[in-house]
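As structure tokens, the structure follows; a few thoughts come after it.
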Amino acid sequence: IGGPVDFHQMDVSKADPSVIYGVHGGLQVSHDGGRTWALVGPAPQGLIDIAASSTDAARLYAATQQGLLVSEDSGRSWQPAHLLRRPASMIEAASDGWIYAFMLGSGLLRAEEPSLAWQALSNDFGDSYLLHFAADPANASRQFASTQNNELLTSDDGGRTWRRLGAP
């Protein structure tokens, strides 16, 4: 809407790949693979990252400066997704139904949809925080992440321990 646009946050629903969410001038959604877009409403305040659910095309997650949020209605309304109100630098919905998030002071967290019973995986990142995250769809124990310092990290044990990519 009002294009051309520069989506700084964008995600494709793994539950329905024709549904795409993007943030530019508010939260936008496409239900036809990006051909047409509709404005849903304002994006959450302090938004850093979004993730579309892998189990429900109408469920959307947000990492914000005030914590993690979830929407069950395509971003029209938002509720807390975690009890703590700490800045969250990333959120990602893996194709296997797990949600991963990085919360400052708590580290890498994981929860299964839709329960959102968060568990800490690792908080051994020093002063670094994760900006991007991906789990191998063929092997969820193999994960990759990048930090604000442009470090590429990998984990072979489901996110419990990390090493720099290319390091022994």
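What nm value, rounded to one decimal, do you get for the distance between A120 and Q66 when each label is placed 7 Å out toward the C-beta?
Each label point is offset 7 Å from its Cα along the Cβ direction, giving 2.5 nm.
Taking the Cα centre of segment 1-116 as origin, sum charge times position over the Cβ atoms of Lys and Arg (+1) and Asp and Glu (-1), and report the length of that vector in debye to the nearest 20.
Details: 7 positive and 12 negative charges, 64 e Å.
I would put it at about 300 debye.
If you take the beta carbon distance between D56 and F7 as r and set R0 to 30 Å, what does 1/(1 + (r/R0)^6) give as a FRET efficiency, to the nearest 0.05?
Values: r = 22 Å, r/R0 = 0.72.
Approximately 0.90, to the nearest 0.05.
Indicate the gyration tensor shape class of segment 5-54 (rounded, prolate or oblate), computed on the Cα atoms with a ≥ b ≥ c the square roots of the eigenvalues: a/c under 1.5 is rounded; otherwise a/b larger than b/c is prolate and the rest oblate. Could the numbers behind the result be given before it?
Working: a/c = 1.98, a/b = 1.31, b/c = 1.51.
Oblate, since a/c reaches 1.5 and b/c is not below a/b.
To the nearest 0.05, how large is the calculated FRET efficiency for S106 and Q45 if R₀ is 22 Å and r is the Cβ-Cβ distance? Kindly include the intermediate steps, with their values, before the conclusion.
On the way: r = 21 Å, r/R0 = 0.93.
Calculated transfer efficiency: 0.60.
Among L108, F7, S18, whose Cα sits farthest toward the positive end of the charge dipole of segment 1-120 (+1 at Cβ of Lys/Arg, -1 at Cβ of Asp/Glu, about the Cα centre)?
The residue sitting farthest along the positive end of the dipole is L108.
State the Cα centre-to-centre distance between segment 30-70 and segment 90-168 in whole Å.
Between the Cα centre of segment 30-70 and that of segment 90-168, the gap is 20 Å.
Please give the per residue accessible area of segment 22-165, computed with a probe of 1.4 Å over protein heavy atoms only, in Å². Don't skip to the answer; put the middle values down first.
Working: 6750 Å² over 144 residues.
Each residue of segment 22-165 exposes 47 Å² on average to a 1.4 Å probe.
What nm distance separates the two modelled labels at L84 and R142, each placed 7 Å from Cα along Cα→Cβ?
3.0 nm
If r is the Cβ-Cβ distance from D32 to D96 and R0 is 30 Å, what FRET efficiency results, to the nearest 0.05?
On the way: r = 26 Å, r/R0 = 0.88.
Efficiency for this residue pair is about 0.70.
The values are calculated or read from the model by the stated rules, or taken from the named source; none is laboratory data. All values derive from a computational prediction rather than experimental measurement. Every residue, glycine as well, gets a Cβ built from its backbone with ideal geometry; the counts of neighbours run over all protein chains shown. Only protein heavy atoms, including side chains, enter the accessible area calculation; ligands, DNA and RNA are left aside. Shrake-Rupley method; radii C 1.70, N 1.55, O 1.52, S 1.80 Å.
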